[in-house]
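The values are calculated or read from the model by the stated rules, or taken from the named source; none is laboratory data. Note that the structure is predicted; figures quoted are calculated from it, not measured. Neighbour counts are summed over all protein chains in view; Cβ atoms, including those assigned to glycine, are modelled from backbone coordinates with ideal geometry.
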Amino acid sequence: MHQTGPMDPSRPLHPDSLLLHADDALHDGTSLTPSIPWSATFTAADAGAFARMASEPMHPAYYTRYGNPLHRRVARIVADLEGAATGLVAASGMGAIATVAMGLLAQGDRVVAQRNHYMGTTKLLSELLARFGVHAEFVEQTDVEAFARALERPAALVMLESPTNPDCSLTDLEAVARLAHDAGAKVVVDNTFATPLNQRPLALGADLVVHSATKYLGGHHDLTAGVVVGDEATIERLWATQIVLGATLSPMDAWLLLRGLRTLAVRVRRINDSALAVARALSAHPAMESVSYPGLETHPQHALARRQMSGFGGVMGLRLRADYAATAGFVAGLRLAQHAVSLGGVDSLVVHAAAMWAGSLDDAGMALSGIEPNLVRLSVGLEHPDDLVADLTRGLDAIARPAG
Ligand SMILES: *Cc1c(COP(=O)(O)O)cnc(C)c1O
């Protein structure tokens, strides 16, 4: 772990402190906050320096598509939080996930993945990579035995994501990682929903962790970014893939991400607390059929959640006692939670799942993913939980007692 100042190096820093100090050694000068290296290319001091810049993998200041000084600082913080040796940033979460897939897979390889993934990941595996001869098998992620059956045949990669979108079902990361390694597969976990504050997949046996930093890590709905962390050799290999795919994080978004990361610990803890309070309050409402949130005792995998997560995040699936139209009306009528896709930021966001996925899933696909007409995804932000509960309750009251 990176050491800051004269502290005892055997005593690791808490995540709160790592968020502020993991990148200390990479400071560029005397200013406390970094200036933005607004440059696509970097000058060399002499011929020898140029030769080193041109040939050293992951050089931080050669050409921005190859790396930018702020990229390194962001990657250092996320790697330390996840307990990884190193990391790589990308232009988006999908940029990071595509880099992992294209970097590690070859024609004829088999991937075992979940029935329920972020939509882009599903499409990458089932459509794009299928065109290049990679075969993906999708299994029910709540069923460890289903992974065991799929891994009776060799696989190159096991792609996992927990909790899932939008319904917050969990994957037993430790059990599946063990099965995957027995089958010779590398394990990649998309840890976007949990954040490294609530779940550390590498400690549970995963090989690589990816994030859409667009969500909690950035946390302010103002940037698009991705991160992948893991061991040195694999990350260097992924860097070599990334520079030809070109999903380069802009220096501005890297700066915003660095700034967002500074407050990740306080945001996530507050969101964990608020979301649990909101989930509890809404569960009791007569217009609510069910609230799917890993922190509730009623969640079918609550015991697993307690085992592998230290907090339960801000996203929950709400099933209303309502049809499609009444559900759409509920979402549109909220005043605090904004009607927008994405999650994990300072603003609470809400989406009508069936409307969001209608363009990309047919009815069977929606049924498989648990997307019913009455399902609403709520991402709790930093508003006071009492105000959120009041707003949501007003909407539920209207369903319980329709006007006229
Ligand atoms: C948003 C998201 C992604 C994709 O990230 P982008 O930054 O939008 O490319 C991947 N996985 C999960 C779980 C997400 O929520």
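Quick check on the range 87-96. Is at least one of its residues closer than 18 Å to ALA180 by Cβ and buried (at least 24 other Cβ atoms within 10 Å of the Cβ)? No, the range 87-96 contains no residue that is closer than 18 Å to ALA180 by Cβ and buried (at least 24 other Cβ atoms within 10 Å of the Cβ).
As a summary of the residue check, PRO69 satisfies the conditions (1) within 13 Å of LEU258 (Cβ to Cβ); (2) touching a Lys or Arg at 6+ places or on another chain (Cβ under 8 Å); (3) surrounded by 14 or more Cβ atoms within 10 Å (Cβ to Cβ) except for the one numbered (2).
Scanning the range 355-384 for residues that are closer than 12 Å to VAL331 by Cα and touching a helix residue (DSSP H, G or I) at 6+ places or on another chain (Cβ under 7 Å) turns up ALA355, ASN374, LEU375, VAL376, ARG377. Close Cβ contacts (under 6 Å, 6 or more residues apart or on different chains) running from residues in the range 110-123 that are touching a residue at least 40 places away in the same chain (Cβ under 8 Å) to residues that are more than 13 Å from the ligand (Cβ to nearest atom) and in a strand (DSSP E or B) comprise ARG110/HIS135; VAL111/ALA136; VAL111/LEU157; VAL112/GLU137; VAL112/VAL158; ALA113/ALA136; ALA113/PHE138; ARG115/PHE138. Pairs meeting the criteria (first residue in the range 242-259 and over 23 Å from GLY344 (Cβ atoms), second residue assigned to a helix (DSSP H, G or I), beta carbons under 8 Å, at least 6 apart or on different chains) are GLN242/GLY95; GLN242/THR99; GLN242/GLY103; LEU245/GLY95; LEU245/ALA98; LEU245/THR99; LEU245/MET102. When VAL244, VAL229 are screened for being more than 12 Å from the ligand (Cβ to nearest atom) and assigned to a strand (DSSP E or B), only VAL229 passes.
Could you say which residue among ALA332, ALA328, ALA390 is out of contact with any Leu (no Cβ under 7 Å at 6 or more places or on another chain), surrounded by fewer than 20 Cβ atoms within 10 Å (Cβ to Cβ), closer than 20 Å to SER283 by Cβ and hydrophobic (A, V, I, L, M, F, W, C)? Step through it out loud before you land on a result.
Details: ALA332 fails: closer than 20 Å to SER283 by Cβ; ALA328 fails: closer than 20 Å to SER283 by Cβ.
Just one listed residue meets the conditions, ALA390.
Per the conditions (1) in contact (Cβ under 8 Å) with a residue 60 or more places away in the chain; (2) buried (at least 17 other Cβ atoms within 10 Å of the Cβ), the sole criterion not satisfied by SER310 is (2).
For the range 182-218, the set of residues classified as within 13 Å of the ligand (Cβ to nearest atom) and either part of a loop (DSSP other than H, G, I, E, B) or surrounded by fewer than 23 Cβ atoms within 10 Å (Cβ to Cβ) (or both) consists of ASN191, THR192, PHE193, ALA194, GLN199, ALA213, THR214, LYS215, TYR216, LEU217, GLY218, listed by residue number.
Any residue that is away from the ligand (no atom under 16 Å from the Cβ), free of Cβ contacts under 8 Å to residues at least 60 places away in the same chain, closer than 26 Å to GLU236 by Cβ and acidic (Asp, Glu) - is there at least one of those in the range 139-149? Within the range 139-149, none of the residues are away from the ligand (no atom under 16 Å from the Cβ), free of Cβ contacts under 8 Å to residues at least 60 places away in the same chain, closer than 26 Å to GLU236 by Cβ and acidic (Asp, Glu).
For the range 47-97, filtered to residues that are among the polar types (S, T, N, Q) and under 29 Å from LEU128 (Cβ atoms), the residue that is nearest to the ligand (Cβ to nearest atom) is SER92. The conditions of being within 16 Å of the ligand (Cβ to nearest atom), surrounded by fewer than 19 Cβ atoms within 10 Å (Cβ to Cβ) and at pLDDT 95 or above are not met by SER162. The listed residues are ALA367, ALA326, ALA322, ALA353, and the only one of them that is closer than 28 Å to VAL139 by Cα, away from the ligand (no atom under 15 Å from the Cβ) and either among the small types (Gly, Ala, Ser) or touching a residue at least 24 places away in the same chain (Cβ under 8 Å) (or both) turns out to be ALA367. Scanning the range 98-120 for residues being within 14 Å of the ligand (Cβ to nearest atom) and within 21 Å of HIS181 (Cβ to Cβ) gives a total of 5.
Can you find even one residue in the range 268-281 that is under 20 Å from GLY370 (Cα atoms) and in a helix (DSSP H, G or I)? Within the range 268-281 (the criterion being under 20 Å from GLY370 (Cα atoms) and in a helix (DSSP H, G or I)), the answer is yes, since at least one residue qualifies.
Could you identify the single residue in LEU304, LEU382 that is at pLDDT 95 or above, surrounded by 15 or more Cβ atoms within 10 Å (Cβ to Cβ) and not in a helix (DSSP H, G or I)? Testing whether each residue is at pLDDT 95 or above, surrounded by 15 or more Cβ atoms within 10 Å (Cβ to Cβ) and not in a helix (DSSP H, G or I) leaves just LEU382.
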